[in-house]
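Every number in this text was worked out from the coordinates using simple rules, so none of it is lab data. On a predicted model such as this, the values are computed, not experimentally measured, just so you know. Quick reminder, even Gly has a Cβ in these numbers, built from the backbone with ideal geometry, and neighbours come from all protein chains shown.
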Amino acid sequence: MTDTRLVDADELTADLHATSGRTVRVRLPFSGEVGHDLPHSSVDDVADAAAAGRAAQRAWWDAGPSHRRAVLLRAHDLLLQRRGELLDLVQLETGKTRGQAFEEVFQGASVTRYSALSTHRAVAAERRRAGIPGVIRTEVTYRPKGLVGVITPWNYPLSLALMDAVPALATGNAVLQKTDDQATLSVLAARRAFLDAGVPEEIWSVVTGEGDTIGSAVVDSADYVCFTGSTETGRRVAERAARGLTGASLELGGKNPLIVLDDVDPARAARDTAYAAFAAMGQLCVSIERVYVLRGVADAYLDELTAVTDGLRQGGALDYSTDVGALATPAQLDRVAAHVDDAIAKGATVLAGGHPRPELGPLFYAPTVLTDLRETMTCAREETFGAVLGVTVVDSEEEAVERANDSSYGLNAAIFSGDRRRARRLARRLHAGSVNINEGYRATFASIDAPMGGLGQSGLGRRNGIEGLRRFVEPVTIAEATGLLQLPRTGEEFERMTGPMLLLLRGLKAARRR
């Protein structure tokens, strides 16, 4: 089922800034076997990596966007050439299927290409209008933040790392990344592709260790921080960053809803729902966890969804023969089981799954569909972050929207409908940073030229698009007095100029000049 010999962990971990002498044992989700011992960093290691990054950053910026574009395009090609190794590592570290691991490689390469080809739009100087045309000439330039701290999770180690690190590199910054212990090798292998493409080693450093110490040291060292993880931890990161007036972008939790309208093809809607909920065993920030289906199609939809879920092929093969994999850690298994057991104890009906699958491995749990949910159930309000889907039948679009929006989160949402206009009309009413139509999450996830992020308790800032690049630069305004008109200084000069200036303002308004 798995082969730990596929991974030369010692060779990869030699690239870490980690001299503390401490290690942590990392186990493989598919088998529970020990995969490798991961060295941990010290606070001094973080300081050394930060200093090296700062020392190298100016030359990286001065090399210019054309140079960085060429380097990143080479890295794009190397990611694709080395996809076999990357797929193995992502599967072994996270427990996901080959297909879902490929999504990570695809997304990482896409973000790299986009960042390489779009950076000029983000950092090129821009002419801006002044309040008095011809009298003031204004230009906005962009400078890199400097050292960007990137703190990444275990669930999507490759794509989530590259969605933050690569735009930071493209805009001339150095990156100091703290990985999760469970999924460090995937990041190190991807980083090697960038180094081999021409990114200086000091420009992208990786450290490991406990969040309270090493994560905090990364935040304290950085000029800007990117964090992906739980809302609770994200608050602590934001609070710590705020002490130093350091900016941050945070992608946090979600309890993502799907509305299924009564004009869908039930079979297709069920297949798409299963993927949206159970890909990566539901361990994705944008996974669908709640479904609100209109009563007119509910029976047919639930029958199809139950059959599709029961038919998913589950296992740990390093090939494309499975549909769902394992949970990543024992803590995830415990959380999923606790949410399901709580729901059953409080009256939920299990349509599919609802139990572990130890015959496959220690961290396998059957993808689960629940109905008859009550608000008192843990899984009704809290993010499960596992393959548990709650389905509620509703009587109207209005009820569906109201219940979908009844959450402190606002990360992702979806609508399934046979009528695009109807779906788009409802999409504008949903409280979420991203809304997908006839897809659970991949439509917005793949929209790399559009901003992606959350509302409410789901985070701050945006990934992707020009907005995702611009978070890593500071705008600097350079304004020049042209000498065409002497601006007033004394009281008498102001008195003489008041009338002409009022005429100018009225004329600009009449001409609709901004």
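Worth a mention:
- Relative counts (whole %) of C-alpha pair distances in the stretch 256-448, using bins that are 10 Å wide: 10, 39, 38, 12, 1
- Charge dipole (debye, nearest 20) of the stretch 405-510; +1 at Cβ of Lys and Arg, -1 at Cβ of Asp and Glu: 680 debye
- Positive-end residue of Leu363, Val90, Phe445, charge dipole of the chain with Cβ unit charges: Phe445
- Taking Cβ atoms as reference points and 12 Å as the exclusive limit, the residues near Arg69 contribute a net charge of +4, counting Lys and Arg as +1 and Asp and Glu as -1.
- In this calculation the C-beta distance from Lys509 to Ala47 is compared with R0 = 51 Å, giving a FRET efficiency of 0.40.
- Tilt relative to the chain, helix 295-310 - C-alpha long axis, 0 to 90 degrees, to 10: 70 degrees
- Label-point gap, in nm, between Arg235 and Arg22 - each point 7 angstrom along Cα→Cβ: 2.6 nm
- 5 angstrom amide H check on Ala352, placed H, neighbours 5+ away: Val369
- Net charge dipole size for the stretch 256-448 [Lys, Arg +1 and Asp, Glu -1 on Cβ; Debye, nearest 20]: 560 debye
- Computed [θ] at 222 nm, helices only, for the chain once each DSSP H run of length n ≥ 4 contributes -39500 (n - 2.57): -13500 deg cm²/dmol
- Length gained on full extension, Thr213 to Ala55, computed as 0.36 nm times the residue gap minus the Cα-Cα distance: 54.5 nm.
- Taken about its Cα centre, the chain carries a charge dipole of about 2640 debye when Lys and Arg each add +1 at the Cβ and Asp and Glu each add -1 at the Cβ.
- Against the chain, whose longest principal axis comes from its Cα atoms, helix 98-123 is set at around 0 degrees.
- Taking the charge dipole of the chain about its Cα centre, with +1 at Lys and Arg Cβ atoms and -1 at Asp and Glu Cβ atoms, the residue from Val46, Thr19, Met377 reaching farthest to the positive side is Val46.
- Cβ-based charge dipole, the stretch 54-156, positive-most Cα from Pro133, Ala116, Val150: Pro133
- For the stretch 303-386, Kirkwood radius (reciprocal of mean inverse C-alpha pair distance, Å): 13.4 Å
- Extension gain for Glu474 to Asp263 (0.36 nm times residue separation, less C-alpha to C-alpha distance): 71.2 nm.
- Lysine pair count for the chain with Cα-Cα distance under 30 Å and sequence separation of 8 or more or different chains is 5.
- Modelled spin-label separation between Glu359 and Asp319, with each label point placed 7 Å from Cα along the Cα-to-Cβ direction: 2.1 nm.
- Counting Cα-Cα pairs of the stretch 400-514 in 5 Å increments starting at 0 gives whole-percent bin shares of 2, 9, 12, 13, 11, 7, 6, 7, 8, 8, 8, 5, 2, 0, 0.
- Angle in degrees between helix 266-278 and the longest Cα principal axis of the chain, rounded to the nearest 10: 80 degrees
- Remark on the stretch 372-447: hydrodynamic radius 13.5 angstrom, per the Kirkwood mean of 1/r across alpha carbon pairs.
- Extension gain (nm, one decimal) between Arg489 and Val140, 0.36 nm per residue minus Cα-Cα: 123.0 nm
- Computed Kirkwood radius, in angstrom, where 1/r is averaged over Cα pairs of the stretch 1-123: 17.0 Å
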